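What follows is a short report on a single structure.
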Amino acid sequence: MSYKYVPIVIVIVAVFLAFFVYPIAFDKGVDFLNSKLHLKGAGFEIPHFFKVPPFRLGLDLLGGTRLVYQADLAGVEGGSVNDAMAGVRDVIERRVNLFGVTEPLVQIEGKDRLAVELAGIKDINQAIQVIGLTPFLEFKEQRSEEETQKILDAQKKNQQLNEDPYFKSTGLTGRQLKRSQLTFDQTTGQPQVSLELNGDGAKLFADITKRNLNKIVAIYVDGQPISTPVVQTEIPDGRAVISGKFSVQEAKLLVNRLNAGALPVPIKLISQQSIGASLGQDSLEKSLRAGVYGLLLVALFMVLFYRLPGVISVLALLIYIAVVLTVYKLLPVTLTIAGIAGFILSLGIAVDANILIFARLREELAGGRTLLQSVHDGFHRAWFPIRDSHVTTLLGALVLFMFSTSSVKGFALTLGIGVLTSLFTATVVTRLFLNLFVGPRTEKRKWLF
Amino acid sequence: MRSVYKITFFFSVGLTVVAIVLIATFGLRFGADFRGGSVMELVFNDQRPPVDELGKVVGAVEGVSNVGVSPEGDNGVLIRLNDVDEQAHQNILGAISGKFGKITENRFDSIGPTVGNDLKSKSIKAIIISLLAIVVYLAIVFRKLSSVLSPWALGLSAVAALVHDVLVPVGLFALLGHYLNIEITSIFVAAALTILGYSISDSVVVFDRIRENVLRFGAREDFGETVHKSIMQTLVRSLNTTFTVLLSLVAIFFFGGESIKYFALALIVGVFCGAYSSIFIASPILVWWGRGKRS
């Protein structure tokens, strides 16, 4: 009967996973053994557990901030919206990396929002200001006179108030900027900012200068026209100069800002959620304590009410915990307070399948069947309700995951992983272990069940 | 159908009506994440100043309105205000520490109204879609019961039970919001959806037994009797599962910390209702519906 070895394999794997989740326990045990070995003069040492990834904790447990920016896409045509947003993300990402925060998260949310998550950051105010310094650079060209007139007329009737009647966007923005430099005008000695555009930008700039010969091409920074030179010749090499009336100090600042990245569209901070580090630590301890007590209560109840099968279901529950926590580490799942709540809740749900099976088992036993038959029928009959109740919970978690915002997503994810895992541990694992105890000896001691 | 179901059914209807009345009269207190607005949690190093004095100081900062201050813990306060930008936020902190001494800011959320509206529409969408998905799933799984009643009856009676399970905790929170200033935040939506899933799976277990009994004994028996028998057969399981889930929720409620305490409370009420309603709401509706089909 090769089946007999399967439970042993499962236990070994589970113990391994438990150490994977909590390697400190293994290392401490090894240290203890090694010190004993040392006393006995053994010439070798047991190595520590290999390095495993830590749990990834969310902002509410670690402390940190989550900022949401809204991009103003009014000036962008439909097709290039995704491009513009990708540009915003790249620029902000570069800025955020300056903070030295481990694993900053910058991602596009929905169509026109950018979420920035900075875990463990101390000075949130400074971070917001540094991100806020990201300039929005744009090249604009003159509108034709008819267009200007049209917009001016409309504005008299209080329409199109947000449109600039004189200049329009060219599509050349901070996205195509390669780098900038502080230079001085050769004749006047005035400080100026020279820009070097990338390949696409150079091509665009060549087109723009070609069609605007002897006209103004304005350079806007943060929505203000900083420089409005008249184009003298077509410029094919992608080099432009902002020659506003800068002091050296101002020009230097602008260069620094531009070199850290310039935005293709303007952005605005619309939401900020910050958690102090001490509160995070406190929440983490409390959630863990809640988890331990939850587990103890559920385990106690199962053993008291279902006796031997109850003990087995607790074993299955422990295996369940080891598997689920391993999945959290491997995926990785970002654990938030809500996520841990989802996990604790899943402890209760995880034993539901066992309760269904054991209730059925008792029913069959009460009907006067043998233990062997009862166990078999108990599992067989309980399968449909187990499947259906798990699928419905899973459907809920799935919808929640797809249609919700980050904190709730964590909850849905842990709940979903929990439901899927418990479907396995509560049926397959419990069955394997329960079968070990079904035999002539227990057949006479049905009170155990 | 036995008369006990009638009594309990109308008791639940009464409870639901009470919940609706509570929601209608008190309204729901939505948190900053739904409305837009700011929440600030501060702890004073020295003694906490009187809340109304603190409110005045915060309200005097430029761009700040709708200030509400409530004490929290030993030395902390919770300040609610309109959504402010970072500059105003720093000004507020400066004004408070300038007047009342050193403070630690544990939390600051400032959420624009558009974000709040987004969350609202997303939450409603999520609830509607999960309800539809569940009704369809039930109709498919229980199609074999069609000899006795329409497959939609199962889904719809389960949903009727759901409405009860969600409305009762929401009513409770209308009450809590009115008397204890407890707000409904985005995590509450997660609670509502978990209640949905849980309540459905509880009904499903009963329905499953009904299906088994109908398939085994056919329509020979009175359908009401079959349903009653199925309920009695699944009663121990329902009680035990509810009990274990409640055990884990009680652990969250007492030890999980302030931020998820009321989330756990919503779930405790909802899960309790979920177990109750699959027996005393979903099943009676099913029987009455089934009668209609046979006569």
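Mind checking which residues of segment B:60-98 are more than 14 Å from chain A (Cβ to nearest Cβ) and of a type in the set (D, E, K, R)?
B:GLU62, B:ARG80 - these are the residues of segment B:60-98 that are more than 14 Å from chain A (Cβ to nearest Cβ) and of a type in the set (D, E, K, R).
Sort out which residues of segment A:25-60 are under 30 Å from A:ALA277 (Cα atoms) and part of a helix (DSSP H, G or I), and write them in order of number.
A:ALA25, A:PHE26, A:ASP27, A:LYS28, A:LEU59, A:ASP60
Which pairs turn up if I take residues in segment B:174-197 that are within 14 Å of chain A (Cβ to nearest Cβ) and look for partners that are in a loop (DSSP other than H, G, I, E, B) and of a type in the set (A, V, I, L, M) with beta carbon separation below 7 Å, at least 6 apart in sequence or on another chain?
Matching pairs, first to second residue: B:ILE184/B:LEU28.
Check A:LEU253 against each of (1) assigned by TED's automatic domain parsing to the domain that holds A:LEU436; (2) within 38 Å of the chain's Cα centre (by Cα); (3) without any contact (Cβ under 8 Å) to a residue 24 or more places away in the chain and name the one condition it does not meet.
Single failed check for A:LEU253: (1).
With segment A:394-449 as the region, which helices (runs of 4 or more DSSP H) entirely inside it contain at least 2 residues that are under 42 Å from the mean Cα position of the chain (by Cα)?
So the answer is A:406-424, A:430-436.
When you look at A:VAL241, is it surrounded by fewer than 19 Cβ atoms within 10 Å (Cβ to Cβ) and either over 24 Å from A:ASN125 (Cα atoms) or within 7 Å of another protein chain (Cβ to nearest Cβ) (or both), yes or no?
In short, yes.
Within segment B:161-169, is even one residue at pLDDT below 80, farther than 30 Å from A:GLY110 by Cα and either buried (at least 24 other Cβ atoms within 10 Å of the Cβ) or in contact with a His (Cβ under 6 Å, 6 or more places away or on another chain) (or both)?
no
For residues in segment A:143-169 being over 24 Å from A:SER227 (Cα atoms) and part of a loop (DSSP other than H, G, I, E, B), which is nearest to the chain's Cα centre (by Cα)?
Among those that are over 24 Å from A:SER227 (Cα atoms) and part of a loop (DSSP other than H, G, I, E, B), it is A:GLN160.
Test B:SER186 against the criterion of being at pLDDT below 85, within 17 Å of B:LEU28 (Cα to Cα) and not assigned by TED's automatic domain parsing to the domain that holds B:PRO50, and give yes or no.
Against the criterion (at pLDDT below 85, within 17 Å of B:LEU28 (Cα to Cα) and not assigned by TED's automatic domain parsing to the domain that holds B:PRO50), B:SER186 qualifies.
Please determine whether any residue of segment A:296-308 is crowded, with 16+ Cβ neighbours inside 10 Å, in a helix (DSSP H, G or I) and basic (Lys, Arg).
no
Regarding segment B:245-259, can at least one residue be identified that is within 12 Å of chain A (Cβ to nearest Cβ) and of a type in the set (D, E, K, R)?
Looking through segment B:245-259, at least one residue is within 12 Å of chain A (Cβ to nearest Cβ) and of a type in the set (D, E, K, R).
Could you tell me whether segment A:99-112 includes any residue that is touching a Ser or Thr at 6+ places or on another chain (Cβ under 7 Å) and modelled with pLDDT under 80?
Looking through segment A:99-112, none of the residues is touching a Ser or Thr at 6+ places or on another chain (Cβ under 7 Å) and modelled with pLDDT under 80.
The values are calculated or read from the model by the stated rules, or taken from the named source; none is laboratory data. Just so it is clear, the model here is predicted, and its values are computed rather than measured. Backbone-built Cβ (ideal geometry, glycine too); neighbour counts: all protein chains shown.
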